[in-house]
Structure formats: structure tokens, C-alpha cells
1. Would you pull out the residues with amide H under 5 Å of residue 47's amide H, same chain only if 5 or more places away, H placed 1.01 Å from N?
2. Could you give me the ³J(HN,Hα) list for segment 51-64, computed from phi with Karplus coefficients 6.51, -1.76, 1.60 and θ = phi - 60°, whole Hz, x at Gly and Pro?
3. State the Cα centre-to-centre distance between segment 12-72 and segment 131-154 in whole Å.
4. In vacuo Debye scattering of segment 13-62, one point per C-alpha: log10 I(q)/I(0) at q = 0.14, 0.21, 0.25 Å⁻¹?
5. With +1 assigned to the C-beta of every Lys and Arg and -1 to the C-beta of every Asp and Glu, and no other charges, what is the dipole magnitude of the chain about the Cα centre in debye, to the nearest 20?
6. Dipole of segment 111-156, Cα-centred, from +1 at each Lys and Arg C-beta and -1 at each Asp and Glu C-beta, to the nearest 20 debye?
7. Over the chain, average the accessible area per residue using a 1.4 Å probe and give it in Å², no decimals.
8. Kirkwood hydrodynamic radius of the chain from all distinct Cα pairs, in Å?
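The values are calculated or read from the model by the stated rules, or taken from the named source; none is laboratory data. Because the structure is a prediction, the values reported are computed rather than measured. Note: ideal-geometry Cβ built from the backbone for every residue, glycine included; neighbour counts use all protein chains shown. SASA here: full protein model, heavy atoms, side chains in, ligands and nucleic acids out. Shrake-Rupley method; radii C 1.70, N 1.55, O 1.52, S 1.80 Å.
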Amino acid sequence: MITLTVNGRPHEIDDDPNTPLLYVLRNTLELNAAKFGCGLGQCGACTVLMDDQPIYSCLTPIAALQGRKLTTLEGLGTIADPGPLQRAFIAEQAAQCGYCIPGMMMRAQALLQRDSAPSDAQIRAQMEANLCRCGTHMRILRAVRRAGEEMQKASHAQAGKG
Ligand code: FES
Ligand code: FES
């Protein structure tokens, strides 16, 4: 039995310890945001955060994740109450088929948690590992920039209250 902590909630998992996290998320926990693209660590569709770092969940066995903090797109907000990154992707209409977008958002989230005012070069370097075959890259970059600006405004507003 392995305990996986996903989006702040612990789950006792009875699957084979060699099972890739992606399968456990989708099939066992019914968290379907992370997608199967290549299964080879080459496309980023399966990206989630482990201790705030992006990982390919298609390649990571659950045996390696005991005691780690995992975050999936479901942890960033809900349809009724989307988080800043989700709102920015909607505002910029940064999706065509949408298949790559959950992975894109998780990779962007890792960057914005470290630095909500990244340069364009930093955003491009961060997002390079994730592929979009629909070609929505420019909108995705705009959405990441917009989300960072929103996060900065929110933290300034918070600081103003303190
Ligand atoms: S499905 Fe994991 S990197 Fe492509
Ligand atoms: S929006 Fe279709 S793969 Fe990116």
C-alpha cells in the first residue's frame, strides 16, 4: 500500500508500485486532467507537480512518490472557481483541441510559483518541454504572462491589506 498525497488529500493506493502515476491518477483516483500523449517523456501532456517541480507522470512509478506533495490541474481551481492560470487561459482562449493544456498549465504553474514576473525568455524556456500540435503556442505564452500579472496584482492587494 502506498500513500499518495494529491492536491492536499492523502490516498491509500493498492496498485502495483511500478504503476506510472498517470495511470493511478486517471484510473484509480479518477483525476483525468493529466493526459496520455506519448508515454515516453517527450510531449508533456501528462505533466503534474511533485513538490512544486514538474514531472512526467507517464514515466514516474508511484513507488517513488510516497511522502511527496503532488499537484494536478484539479488542484489549481474548479469550473465554478477557476484559479488565476485557468482564468488566464480562458481569457486568452489559449486552446484549440485542448489536449496539451493541462500539462501546459502545470508546467507554467511551477514557474509562476517561483516567480510571478518571469521574462518572456524564461517563459519560453520553461514551456519548451511541452508540445502543442495545434500550434497555440503564442496564445499559451500570452496566458502565462497574464496569469503572472494577475498573481502579482493579487499579492500586491494582499500586501496592501496587511
Ligand atoms: S505522455 Fe508523458 S511525456 Fe508524453
Ligand atoms: S491545443 Fe491541441 S495540442 Fe495543444
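1. Long-range HN contacts for residue 47: 35, 57, 103.
2. Computed from phi, the couplings for segment 51-64 are 6, 6, 10, x, 9, 8, 6, 6, 10, 9, x, 5, 4, 8 Hz.
3. Value for the Cα centre distance between the two parts: 23 Å.
4. Treating every Cα as an identical point scatterer, log10 I(q)/I(0) equals -0.29, -0.66, -0.92.
5. The dipole magnitude comes to about 580 debye.
6. That gives segment 111-156 a dipole magnitude of about 160 debye.
7. On the way: 8610 Å² over 162 residues.
Accessible area per residue, the chain: 53 Å².
8. Values: mean 1/r = 0.0620 Å⁻¹.
Result for the chain stands at 16.1 Å.
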